[in-house]
Amino acid sequence: MDGSLRSGRELHDFVAALFPFPRSLTGDGVRRTLDAVASRVPLVQHEVPSGTEVLDWVVPPEWVVREAWIAGPDGRRVVDVADSPLHLLGYSVPTRQTLSREDLLPHLHSLPDRPDWTPFRTSYYTPQWGFCLPHRLLASLPPGGYEVCVDSELRPGSLTYGELVLPGREPGEVLVSTHVCHPEQANDNLSGIAVATALAEHLQSLASRRWTYRFLFVPGTLGSLAWLASRRDDLPPVRAGLVLTGLGDPAPITWKRSRRGGTWADRVVEHVLARRGEHRVLDFSPYGYDERQYCSPGFDLPVGRLGRGVHGEYPEYHTSADDLALVGEERLEEALLALVEVTGVLERDRTYRNLSPYGEPQLGRRGLYRSIGASLDSKAAELALLWVLSGSDGRTSLLDVAGRSGLAVSTLADAAEQLVAAGLLEEVLVPPA
Ligand code: ZN
């Protein structure tokens, strides 16, 4: 049974529903986002208190914003966080003062080459306040006195992250991680959340799973560090891991390899993407999203990243133009379908030993060869039988056979099941590596 796949329209609707929540590194925007995910899958929310040491970092205070605005010399609001959470520099400290335009300008952030867009900026570790606004608006500000109100608080609270565990039959886990800390960023953040949630729904609907699937919905960097810190001495056996983000923009599907490269995760994803068509594969770099943490040498997990446009490479990145229009329904759906295939291969890639390895066993006698007038499908099925028998030396997995034969892992796995039933094949239990 593998029903319940969300359509592109449904994925986009979920992105749109979560778009307005005022997410940040901490706070209720993250909690509301996780609540929405938890309404679809049994997500557990963890609260890590401010001040907790997580590896080399410390969980910061929780940021609460009641109101934040600037009023111009005529008393009218120039910008107001009530209109968009992007207008306030993330983690702005409180202030209430009136100052001249010249003294205000160093606190304003804009994009002169994209004068109609508002940048998304944060200052998690340097205490300051600031506002982000379209450059066209900034350039039009007249001289005079500006009243600034940032009614915010940095108080002891917690950092919130979500964890979902779908247990499997065999010892081994697949890790799927996505970040949940960006306000009003549809592609960089919400596309990953929507697709990860839909993938979890799909895996949950399966009658049985080979692997345990662990989904993490974490504030970027600190969230993954907090999870890793909690499991430092008790790290689950992660066989493969994927960081998901940026799955809705127009760039082709892109796999960023794990730090080690060539891991089972890398080979499975690259196999699936190559069969699906246009895609890109990038080597690892220690820049990007939470793959940096999972792949750090102390943990060294086989985790790569599936996305499309690379952060910083597309102009809408970290601006108000990363909006609902940037994210295409069909692109979200394509990403989900690719991930369903990836997990399908993770579930079915096994290594076998041919129990009749001296010469070709006679398949017809065992009812494995259809006789005359075979259709194209049965031709492919026969070819798969021969490839599996030929490849099954006890060391070569179906994925390797797929690479050599050009056949899909699912076709080879069907053949392997027939051969096991006919007594010609046995599984060799070697952990995928
Ligand atoms: Zn980002």
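Every number in this text was worked out from the coordinates using simple rules, so none of it is lab data. What you see is a predicted model; the values in this text were computed from it and never measured. Quick reminder, even Gly has a Cβ in these numbers, built from the backbone with ideal geometry, and neighbours come from all protein chains shown.
Under a Gaussian network description of the chain, with springs only between Cα atoms under 10 Å, the residue in Gly262, Gly304, Gly75 that fluctuates furthest is Gly75. With the helix formula -39500 (n - 2.57) applied to DSSP H stretches of n ≥ 4, the chain reaches a computed 222 nm mean residue ellipticity of -9000 deg cm²/dmol. In a reduced charge model with +1 at each Lys and Arg Cβ and -1 at each Asp and Glu Cβ, segment 1-127 shows a dipole moment near 240 debye about its Cα centre. Considering only C-alpha atoms, what is the centroid distance from segment 31-94 to segment 110-129, in Å? Value for the Cα centre distance between the two parts: 15 Å. Each of Pro60, Leu363, Pro134 was placed along the dipole of the chain (beta-carbon charges, centred on the mean Cα), and the one lying farthest toward the positive end is Leu363.
So which GluC sites (Glu not before Pro) in segment 250-358 end up in coil per DSSP with only 13 or fewer other C-beta atoms within 10 Å? Passing sites in segment 250-358 are Glu278, Glu313. Farthest towards the positive end of the charge dipole of segment 151-223, among the residues Phe217, Val176, Ser205, is the Cα of Ser205, using unit charges on the Cβ of Lys, Arg, Asp and Glu. Only bridges with both residues in the chain count here: give the DSSP antiparallel percent, nearest 5. Antiparallel bridges: around 65 percent, rounded to the nearest 5. With r defined as the distance between the Cβ atoms of Glu329 and Tyr287 and R0 fixed at 25 Å, what FRET efficiency is calculated, to the nearest 0.05? In this case the efficiency is close to 0.25. Relative contact order, whole percent, for the chain stands at 17, derived from Cα pairs under 8 Å and 6 or more residues apart.
Given +1 at the Cβ of Lys and Arg, -1 at the Cβ of Asp and Glu and no other charges, the dipole of segment 289-426 around its Cα centre is 940 debye to the nearest 20.
Of the chymotrypsin sites (Phe, Trp or Tyr not before Pro) found in segment 246-317, the ones in coil according to DSSP and having at most 14 other Cβ atoms within 10 Å of their Cβ are Tyr287. The mean sequence separation of alpha-carbon pairs under 8 Å and at least six residues apart, normalised by the residue count of segment 254-346, gives a relative contact order of 37 percent.
The relative contact order of segment 351-428 comes to 48 percent, based on Cα pairs under 8 Å that sit 6 or more residues apart.
Loop-resident chymotrypsin sites (Phe, Trp or Tyr not before Pro) (DSSP state other than H, G, I, E or B) in segment 106-211 with no more than 10 further Cβ atoms inside 10 Å of their Cβ: Tyr125. Once the other residues with Cβ under 12 Å from the Cβ of Arg6 are scored (Lys, Arg +1; Asp, Glu -1), what is the net sum? Taking every other residue near Arg6 into account, the sum is -3. Quick check on the chain: take the gyration tensor over C-alpha atoms, sort the square-rooted eigenvalues as a ≥ b ≥ c, and tell me if it's rounded (a/c under 1.5), prolate or oblate. Note, shape of the chain comes out prolate.
Basic side chains Lys and Arg get +1 at the Cβ, acidic Asp and Glu get -1 at the Cβ, and with that the dipole of the chain about its Cα centre reaches some 980 debye.
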